1. Could you grab the pairs with beta carbons closer than 7 Å, sequence gap of 6+ or different chains, first residue in region 121-133 and farther than 16 Å from D49 by Cβ, second one of a type in the set (G, A, S) and surrounded by fewer than 24 Cβ atoms within 10 Å (Cβ to Cβ)?
2. Looking at region 50-86, which of its residues are touching a Phe, Trp or Tyr at 6+ places or on another chain (Cβ under 6 Å), part of a helix (DSSP H, G or I) and among the small types (G, A, S)?
3. Just wondering, is there one or more residues in region 135-154 that are closer than 14 Å to T54 by Cβ, touching a His at 6+ places or on another chain (Cβ under 8 Å) and crowded, with 18+ Cβ neighbours inside 10 Å?
4. Return the residues of region 87-112 that are assigned to a helix (DSSP H, G or I) and in contact (Cβ under 8 Å) with a residue 24 or more places away in the chain; say none if nothing qualifies.
5. Going through Y91, Y160 one at a time, which residue ends up being in contact with a Phe, Trp or Tyr (Cβ under 9 Å, 6 or more places away or on another chain) and open to solvent by 60 Å² or more (accessible area, probe 1.4 Å)?
6. How about region 106-131: which of its residues are under 16 Å from L161 (Cα atoms) and open to solvent by 40 Å² or more (accessible area, probe 1.4 Å)?
7. Considering each of G140, G163 in turn, give the residue that is assigned to a loop (DSSP other than H, G, I, E, B) and either at pLDDT below 85 or small (G, A, S) (or both).
8. For region 56-74, which residues satisfy the criterion of being free of Cβ contacts under 8 Å to residues at least 40 places away in the same chain, surrounded by 11 or more Cβ atoms within 10 Å (Cβ to Cβ) and under 15 Å from V128 (Cβ atoms)?
Amino acid sequence: VELLRSWNGGAGAPLAPVKDGVRRGTPLQASPLVRRDATDQQLLNQVVDYYHRTLTGDGAEALAYLSKRGLASSEVIDRFKLGFANNTLGYRLPKKTWKEGQEVRLRLASIGLMRDTGHEFFGGALVVPILDPENGNVLGVYGRRIVDARPREGQSRHLYLKGPHRGVWNVEALSASREVTVC
């Protein structure tokens, strides 16, 4: 749908009728989500940005979950760059049969964003990035599985990006407040 909309001049643009019968052309491809020359940090930032766009664009399930928790404010979603991993990341990567597609998937697996099976690690989860307050880089990611209401045995609803877990600090609130609640 995204490809057709962009091909036809924007969201909601109707397809133009073809007078000569069948219209032929080159296959449509989505613009690449990640750059081949990106560092691991840039890949992580780009995927988290994609998840954020997914939540704000078509994340009805995740928005309903946030609403139930009292967190559906667009200010909260944008400020903390909340996202939704709706299992479409693979569609935005080069084909896995291409060398470039294999390389990107291996790199995303080494970061922890994809499983060895090629599926998204955070698939079906609300994604909460832990951001560096200095430069906005993603330091870690927490995911709360919301699509599969009953995870398989041994499968947790709580997902963490591999690597060291870091604390979350709201630096602005720390400087502006006389009292701090630590949880």
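1. Within 7 Å, the pairs are F121/G112.
2. The one that is touching a Phe, Trp or Tyr at 6+ places or on another chain (Cβ under 6 Å), part of a helix (DSSP H, G or I) and among the small types (G, A, S): A62.
3. So far as region 135-154 goes, yes, one or more of its residues are closer than 14 Å to T54 by Cβ, touching a His at 6+ places or on another chain (Cβ under 8 Å) and crowded, with 18+ Cβ neighbours inside 10 Å.
4. Taking region 87-112 as the starting set, the residues that turn out to be assigned to a helix (DSSP H, G or I) are 89-92, 99-111.
Those that are assigned to a helix (DSSP H, G or I) and in contact (Cβ under 8 Å) with a residue 24 or more places away in the chain: L89, G90, Y91, R92, E100, E103, V104, R107, L108, S110, I111.
5. Details: Y91 fails: in contact with a Phe, Trp or Tyr (Cβ under 9 Å, 6 or more places away or on another chain).
Answer to the check: Y160.
6. L106, R107, S110, R115, D116, H119, F121, V128, L131
7. Only one candidate qualifies: G163.
8. T56, G59, L63, L71, A72, S73 - these are the residues of region 56-74 that are free of Cβ contacts under 8 Å to residues at least 40 places away in the same chain, surrounded by 11 or more Cβ atoms within 10 Å (Cβ to Cβ) and under 15 Å from V128 (Cβ atoms).
The values are calculated or read from the model by the stated rules, or taken from the named source; none is laboratory data. Everything numeric in this text was worked out from a predicted model, so none of it was measured. For neighbour counting, all protein chains shown are included, and Cβ atoms are generated from backbone atoms with ideal geometry for every residue, glycine included. Ligands, DNA and RNA are excluded from the accessible area calculation, which covers all protein heavy atoms including side chains. Shrake-Rupley method; radii C 1.70, N 1.55, O 1.52, S 1.80 Å.
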